[in-house]
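Have a look at the structure below, then the notes.
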Amino acid sequence: MNIAANPIVEANQTIYLKDYQKPSYVVDSIHLDIQVYDDHTDVSSKLVMKRQTDGDLVLLGRDLELKSIKINGKKLTESEYKLDSEQLVIRNAPEQAIVETVVLIHPETNTQLEGLYLAGSDLFVTQNEPEGFRKITFYPDRPDVLSVFTTRVEADKKYPVLLANGNLIEAGESGEDRHYTIWQDPTKKPAYLFACVIGDLAVLKDRYTTSEGRDVALEIYAEEKDIPKCHIAMEALKHSMRWDEEHYGRAYDLDNYMIVATSQFNMGAMENKGLNIFNTSCVLADEEYTTDAAIMRVQSVIAHEYFHNWTGNRITCRDWFQLCLKEGLTVFRDQSFSEDLQSAAVQRIDDVAVLKAHQFPEDAGPLSHPPRPDHFVEINNFYTATVYEKGAEINRMMSTLLGKEKFRKGTDEYFRRHDGQAVTVEDWVAALTAGSGVDLSAFLIWYNQPGTPKLEAKGEYDASTQIYRLTFKQTLKAHPKYSNLKPVPIPVALALFNAQTGAQYTLKSDRLFENGVKDGVYLFDQAEASIEFTGITEKPIASLLRNFSAPVNLEFNYSDPELAFLLQYETNGFNQWQATQTLLERILLDGHDAQIYVDAIQQTLPNVIEKDPLLASRLFDVPTESYLGSRIDQDYNPLIVHEAREALLNQLAKVLGSFTKDTYLSLDPDSQHEFSQAMGVRALKNIMLSLMARQGDSEVFDLAYAQYENSMNMSERLGALKVLVWNDAPQAQAALQDFYTHFKDEDLSLDQWFMIQAAHPKATAETIQYLTTHVDYDLGTPNRIRSVSGGLNANPVNTWSFGVQHFVDLAKYLDEKNPIVGSRLLQVLTRWYTLAEPQRSEVKASLEALKSQVKSKNVSETLNSMLSI
Ligand code: ARG
Ligand code: ZN
């Protein structure tokens, strides 16, 4: 079908990239007037439109009650347009058309949290990406229609805050107890970046002067009691603004930047022009109420949304197939920002862990799609790990290959060429190529193909010639919907170590990429190829894919002792961690001996704790049960994985002996000067505490209870609470009760209280029943749903037993109430087909039974895909 202009969008129709057509009309300007009342909202709009190509004038609209429509001042009668549940089509419209509509909407009963909706009792907010604006007014709601917005917002004075994008140009009274504001956004933008906010909120203010001398007013709006928790976000915002100037030469372009926090939000946050709207979980940060991980996340999401101002807003997407153009690039930018905030190695470890835990399994199963898909039914289903995280990896690969300087030349060229435009992935790669002088067009293959490539490597050493040869081979599993899969360009960052001395060889090979970086990067871009290194005096140990230089599954015939060597001698923190993960995976899935890991970690730890406590804590990462499960493609039995992992942790606890308690007692987070270090020390202490519990240390619960009681820091409190609750300690109930009493009015903290209980390894259907019928549980608040569902899903043994019904019921309920979140949660069950019988058939039957009970495009498309294997 034609997403541009042709009428009649059928209900569950597939939309194809190849059918893209330019919009038939452009919109030069839009005037919106939004009047909010308790039981409805009136929206009037005036669009100044101009014909651009042949075709009808099409305005998209959903759940709108049309009161009137005029063209060029003349009222249209019903015979003069065609209206269905998705759009309003006007045939033979004039070249220049001023279209005025009046509609009535119901934000006060909008539970889908899309369009304009009531978020809690005294706040209205919008979420318009990707297609929410059509639920506010009739509009060519597609990202390649850019316009200048003027917005009038009117409401009762019980809502003192009335915001929209851009500059405030007028404010005043409008009759009894009502007031209004008028805002004008000088930059042209697509409708998905429109936002308005009506509510009763307090504000934290600051200022920032850009490198171009612009004085910007910064404002973060939140509930009064949460304002003290907004300082970290404010600092992160200023830091992001500086960082983008320094690293990409991009300065902010408006006189104000506003952020609004709401506890009712489907996702993390939204980059609306000059008026970001955030889930409270991504703004509020405070050691007393939120964890260290949450604090890091706040900083990265603040940066992410700010960076969108250039990569997403100033330069946007031509159509939604190009989503990864803005998301992949912006995630790569926020990851780089966060690498500057904490141990860079740990940031990379965490980002890769997310990629491997979510994107790799997604790409190996029935929901697999390329970073730029070529078809979809419901675009909301494509805000995926593949689009975001794999998208980011593609940009990282190009940047690794180019090195800092050339990459910057490439991005400069992108901004120079495309500022103010709606573009494609091809435009991005072409600009990078032109700016850097390096042909990157082969990277387009990454955007267009699904699947994680398998990279097999082999090393051969010839002592007589002192040559070491590495041979590479890449393969991709066949995909039912995408044929003609091609080899992709894989930058392999590598180092060779002298096995005797632990020293690194200086690499000599004419095949290494010239990018000015110190380490060798070999660009492997065929199905099979090899590279030789000369002057290697002894059989080396190779460290491949350093810093995870490409999103592939590496298979290299390391011996276990070689991995243990890398754990100790590799200077790239990421590959040091990767060596532990490979070893542990072998122990857990292939029954290798654990002793070699235990010995190596014991030798390495003291040193790493000294240098980088956060990295030290990550070296204890034992792959999660769900990650291990995702590595098993058939006859998966969650219980077997659970038992293997428990056995390893018990062995580790035993072997470490008094080291755990000594370390626990010797570490003091308060003596650390930097947040990243203190965070590492807290993480390590919590790990030691949980290992002590495994040792059956008689004192451990007292220590845990003391840590719980004496600390004002949420990571310390939760770490202790987990040890108490998950081990059913005598103090567990008292601690839970205390936590509840203390934090019952703090949503984000209370989410943790729900999560901990749902994540109890021995949780049952009754536990979940207790939590989901608790007075503080709320099916209208995605964060609360996710705290229980996410907690439950921390234990795959539970997910795949009583959890199946939980997720199926949720999908059924949310199908109508909030299909975006319903579809997401259902995806937890995607890997049903890997289960051993009889579980496999049982879960399949539950999913089949759900089919006839759901209606939304979101849930139906997901369910159909899940069952299409
Ligand atoms: N653009 C937003 C971000 O990544 C996310 C919006 C997600 N919206 C959605 N309907 N899935 O920052
Ligand atoms: Zn984003």
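The values are calculated or read from the model by the stated rules, or taken from the named source; none is laboratory data. A quick note: this is a predicted structure, and the numbers were derived from the prediction, not measured. Neighbour counts run over all protein chains shown; Cβ positions are idealised from the backbone, glycine included. Side chains are part of the model used for accessible areas, which takes the heavy atoms of the whole protein and leaves out ligands, DNA and RNA. Shrake-Rupley method; radii C 1.70, N 1.55, O 1.52, S 1.80 Å.
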query = Quick check: anything in the range 829-852 more than 16 Å from ligand 1 (Cβ to nearest atom), farther than 30 Å from Ala644 by Cα, charged (D, E, K, R) and modelled with pLDDT of 95 or more?
reply = yes
ask   = When Thr506 is evaluated against the numbered criteria (1) farther than 13 Å from Leu470 by Cα; (2) over 31 Å from the mean Cα position of the chain (by Cα); (3) open to solvent by 10 Å² or more (accessible area, probe 1.4 Å); (4) at pLDDT 95 or above, which criterion, by number, is the only one it fails?
value = (4)
ask   = In the range 251-268, what count of residues is obtained for those that are surrounded by 22 or more Cβ atoms within 10 Å (Cβ to Cβ), within 16 Å of ligand 2 (Cβ to nearest atom) and either in a loop (DSSP other than H, G, I, E, B) or within 16 Å of the chain's Cα centre (by Cα) (or both)?
value = 1
ask   = Which residues, taken from the range 269-288, are within 12 Å of ligand 1 (Cβ to nearest atom), of a type in the set (A, V, I, L, M, F, W, C) and either part of a strand (DSSP E or B) or open to solvent by 10 Å² or more (accessible area, probe 1.4 Å) (or both)?
value = Ala269, Met270, Ile277, Phe278
task = Collect the residues in the range 466-479 that are touching a residue at least 12 places away in the same chain (Cβ under 8 Å) and surrounded by fewer than 19 Cβ atoms within 10 Å (Cβ to Cβ), keeping them in residue-number order.
result = Gln466, Ile467, Arg469, Thr471, Lys473, Thr475, Leu476, Lys477, His479
request  = Quick one: count up the residues across the range 171-205 that are assigned to a strand (DSSP E or B), in contact with a Phe, Trp or Tyr (Cβ under 9 Å, 6 or more places away or on another chain) and aliphatic (A, V, I, L, M).
outcome  = 6
task = Give the range 712-738 a look and list any residue that's under 18 Å from Ala294 (Cα atoms) and open to solvent by less than 50 Å² (accessible area, probe 1.4 Å), or say none.
result = Asn713, Met714, Ser715, Glu716, Arg717, Leu718, Gly719, Ala720, Leu721
query = Which pairs have Cβ atoms under 9 Å, sit 6 or more apart or on different chains, and link a residue in the range 189-211 that is of a type in the set (Asp, Glu) to one that is at pLDDT below 95 and in a strand (DSSP E or B)?
reply = none
task = For the range 311-351, enumerate the residues that are within 11 Å of ligand 2 (Cβ to nearest atom), part of a helix (DSSP H, G or I) and polar (S, T, N, Q).
result = Thr330
task = Please list, ordered by first then second residue, the pairs with beta carbon atoms under 9 Å, 6 or more apart or interchain, first in the range 324-336 and closer than 16 Å to Phe415 by Cα, second acidic (Asp, Glu) and near ligand 1 (Cβ under 9 Å from one of its atoms).
result = Lys326/Glu271; Thr330/Glu271; Thr330/Glu305
ask   = Based on what the data block shows, is His31 closer than 17 Å to Val102 by Cβ, touching a helix residue (DSSP H, G or I) at 6+ places or on another chain (Cβ under 9 Å) and at pLDDT 95 or above?
value = no
key: Test for Leu367: is it crowded, with 21+ Cβ neighbours inside 10 Å, within 11 Å of ligand 1 (Cβ to nearest atom) and either within 26 Å of Glu426 (Cβ to Cβ) or among the aromatic types (Phe, Trp, Tyr) (or both)   = no
key: Boolean, Asn575 is of a type in the set (S, T, N, Q), at pLDDT below 90, closer than 23 Å to Leu455 by Cβ and surrounded by 18 or more Cβ atoms within 10 Å (Cβ to Cβ)   = no
message = I'd like to know if the range 289-304 contains one or more residues that are within 16 Å of ligand 2 (Cβ to nearest atom), closer than 24 Å to Ile394 by Cβ, outside any helix (DSSP H, G or I) and among the charged types (D, E, K, R).
response = no
key: Test result for Thr475, more than 30 Å from Leu367 (Cβ to Cβ), modelled with pLDDT of 95 or more and of a type in the set (Ser, Thr, Tyr)   = no
message = Looking only at residues that are surrounded by 22 or more Cβ atoms within 10 Å (Cβ to Cβ) and in a loop (DSSP other than H, G, I, E, B) in the range 372-389, which one is farthest from ligand 1 (Cβ to nearest atom)?
response = Arg372
note = Selection over the range 301-332 where residues are charged (D, E, K, R) and either more than 12 Å from ligand 1 (Cβ to nearest atom) or on the phi > 0 side of the Ramachandran plot (or both) yields a count of 3
inquiry  = Being more than 25 Å from Met241 (Cα to Cα), of a type in the set (Ser, Thr, Tyr) and in a strand (DSSP E or B) is true for just one of Tyr117, Tyr208, Tyr159. Which residue is that?
reply    = Tyr117
ask   = For Asp54, which of the numbered conditions (1) free of Cβ contacts under 8 Å to residues at least 60 places away in the same chain; (2) surrounded by fewer than 17 Cβ atoms within 10 Å (Cβ to Cβ); (3) of a type outside the set (Val, Ile, Thr); (4) outside any loop (DSSP other than H, G, I, E, B) fails to hold?
value = (4)
task = Scan the range 213-237 for residues that are part of a helix (DSSP H, G or I) and surrounded by 19 or more Cβ atoms within 10 Å (Cβ to Cβ) and jot them down.
result = Asp226, Lys229, Cys230, Ile232, Ala233, Met234, Ala236, Leu237
